[in-house]
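Taking it in order: structure first as structure tokens, then the write-up.
The numbers here are math on the coordinates, done by the rules we state, and not lab data. It should be emphasised that the depicted structure is a prediction, and the values quoted were computed from it without experimental measurement. Cβ coordinates were reconstructed from backbone atoms using ideal geometry, including for glycine residues, and neighbour counts include every protein chain displayed.
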Amino acid sequence: MKYTVETMINLPRKRVVELFDNIDNIQYWQDGFISFETISGEEGQKGAKALLKYQFGKREIELTETITVQNLPDEFSGIYEMKGMWNEVKNYFIEVDENTTKWVSENEFRLSGFMKIVGFFNSKGFKKQTNKMHRKFKEFAESQK
């Protein structure tokens with residue numbers, strides 16, 4: 001499953017990228033975020049791996065992030081994995097004008113086992129969740145002027 005989400009943010013690209021690239025800000029725009037722990041490589045750099053933990057209801061989820069491209073302010077991409085799910089996210093930050101940035105994220109999911117069943121019955125939910133995350137980041141970022 002592949003899809004793209006685009007969001008216009010009313011801030012200069014430099015500021016958007018500063019806010020996006022700050023681990024301390026994840027809690028403000030990613031629902032259920034508990035923690036981030038670098039497990040190998042240099043934090044935030046290509047090849048680095050990290051463990052991200054989230055709480056959804058009574059269920060705790062752990063994802064492994066592997067950074068595949070760190071070319072900010074233009075691109076930050078990574079692969080996010082857990083049992084039954086592989087997700088590649090390519091984030092692009094495009095300067096529209098001096099006060100507006102377009103955030104584009106290209107998403108690809110590969111599901112197996114139980115997650116394949118979840119994806120079959122709720123494929124629109126993945127895009128809906130990405131849209132929600134974009135909206136929350138936009139609201140957070142624009143409140144940081």
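Table for the structure above
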| read-out | value |
| --- | --- |
| Options Asn87, Asn71, Asn22, ranked by Cα towards positive dipole end of the chain, top entry (Cβ charges) | Asn87 |
| Lysines whose Cα lies under 19 Å from that of Lys138, excluding same-chain neighbours fewer than 8 positions away | Lys14, Lys90, Lys102, Lys127, Lys128 |
| Which label in (i) 52, 45, 31; (ii) 40, 36, 32; (iii) 46, 33, 26 gives the computed Cα extents along the principal axes in Å | (iii) |
| Among Ala50, Ser105, Gln129 the positive-end extreme of the charge dipole of the chain (Cβ point charges) | Gln129 |
| Segment 2-84: trypsin sites (Lys or Arg not before Pro) falling in loop per DSSP and having at most 13 other Cβ within 10 Å | Lys58, Lys83 |
